[in-house]
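**Q** Dropping a structure here in structure tokens format, bear with me for questions.
The values are calculated or read from the model by the stated rules, or taken from the named source; none is laboratory data. Please read these numbers as outputs of a predicted model, since none were measured by experiment. Glycine also receives a Cβ, built like all others from the backbone with ideal geometry; neighbour counts cover every protein chain displayed.
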Amino acid sequence: MILRWYLFFAALFAAFPQAAAESAPKIAIIIDDLGYQLDAGRRAIGLPGPLAYAILPGTPRGRTLAEMAYRSGKEVLLHLPLEAVGYDGRPEPIGITLDMSHGAFRDIFADAIDSVPFAIGVSTHRGSLLTRHPGHMDWLMQEIRNREGLFFIDSYTTHKSVALQIAGELGVMATRRDVFLDNDRAPDALAREFERLKGLARNRGVAVAIGHPYPETLDFLERELQALDSQGLELVPVSEVLRVVR
């Protein structure tokens with residue numbers, strides 16, 4: 001009898017680490033804006049853990065970096081440029097604007113997704129204008145839904161975005177960004193935003209961050225990512241934190 005109880009409690013305690021791991025708060029991190037610089041992109045892909053890499057379509061190094069990320073077992077996203085409010089900087093090689101017809105929208109999306117091999121999801125680049133327009137977001141979710149297995153990430157550059165709502169209405173698996181890690185690249189600012197990310201994950205069970213292949217961001221993540229496990233946090237692929245919004 002004593003041996004039976006001993007074996008019962010030994011099995012019960014042995015299960016505790018697995019249960020704790022399953023319930024650990026989850027963090028997903030996306031590195032945006034890859035496609036122009038090969039060295040920065042290669043270094044970003046070398047970061048430890050299952051990060052995702054959002055690659056701008058039509059960029060000179062985009063296809064190479066997508067293939068590199070895929071071969072490294074990392075997730076690849078199409079980082080789709082959408083029109084922003086008041087942006088007057090350099091236009092991207094491929095992008096979608098408010099004045100496009102539905103047919104032009106479909107053609108541009110097809111060109112974009114074809115230029116990023118191994119993409120399993122679509123994230124928004126800029127888009128503070130277009131993501132607030134239900135009609136264009138409906139077009140976008142139709143294109144994503146029509147390509148089986150694609151999901152959607154709203155980079156959430158405006159609180160007026162309706163993208164996640166429309167994704168839910170069309171049954172597209174989706175989530176949105178919670179934290180931009182490196183709007184300010186100063187070390188204390190990066191540390192502050194990373195702590196905020198961890199706090200959100202602990203409070204809600206999951207949190208999503210976006211960073212960029214800046215030297216400061218890569219320096220920081222190379223130091224910090226491997227410590228997450230010892231802090232009771234789990235770094236997971238972004239595909240594991242999706243849902244259909246209802």
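**Q** Every residue in the stretch 218-246 that is in a helix (DSSP H, G or I) and in contact (Cβ under 8 Å) with a residue 60 or more places away in the chain, please.
**A** LEU218, LEU221, GLU222, LEU225, GLN226, VAL238, SER239, GLU240, VAL241
**Q** When the residues of the stretch 1-46 are filtered to those that are under 19 Å from ARG202 (Cβ atoms) and outside any helix (DSSP H, G or I), which remaining residue is modelled with the lowest pLDDT?
**A** Among residues in the stretch 1-46 that are under 19 Å from ARG202 (Cβ atoms) and outside any helix (DSSP H, G or I), the one modelled with the lowest pLDDT is ALA24.
**Q** Of the residues ILE166, ILE153, ILE120, which single one is assigned to a helix (DSSP H, G or I) and among the β-branched types (Val, Ile, Thr)?
**A** Selected residue: ILE166, the only one of ILE166, ILE153, ILE120 that is assigned to a helix (DSSP H, G or I) and among the β-branched types (Val, Ile, Thr).
**Q** So, one more: Quick one: how many residues across the stretch 143-180 are in contact with a His (Cβ under 8 Å, 6 or more places away or on another chain) and crowded, with 20+ Cβ neighbours inside 10 Å?
**A** Number satisfying all stated conditions: 1.
**Q** In this structure, is ALA84 buried (at least 24 other Cβ atoms within 10 Å of the Cβ) and touching a strand residue (DSSP E or B) at 6+ places or on another chain (Cβ under 9 Å)?
**A** So ALA84 fails the test.
**Q** Please go through the stretch 134-154 and give me each residue that is of a type outside the set (A, V, I, L, M, F, W, C) and within 19 Å of PHE105 (Cβ to Cβ), ordered by number.
**A** PRO134, GLY135, HIS136, ASP138, GLN142, GLU143, ARG145, ASN146, ARG147, ASP154
**Q** Kindly establish whether VAL172 is touching a residue at least 60 places away in the same chain (Cβ under 8 Å), over 23 Å from ALA44 (Cα atoms) and among the aliphatic types (A, V, I, L, M).
**A** Answer is yes for this residue.
**Q** Just to verify a result, which residue in the stretch 193-227, among those that are loosely packed, with under 13 Cβ neighbours inside 10 Å and not small (Gly, Ala, Ser), is nearest to TYR53 (Cα to Cα)?
**A** So the residue we want is PRO215.
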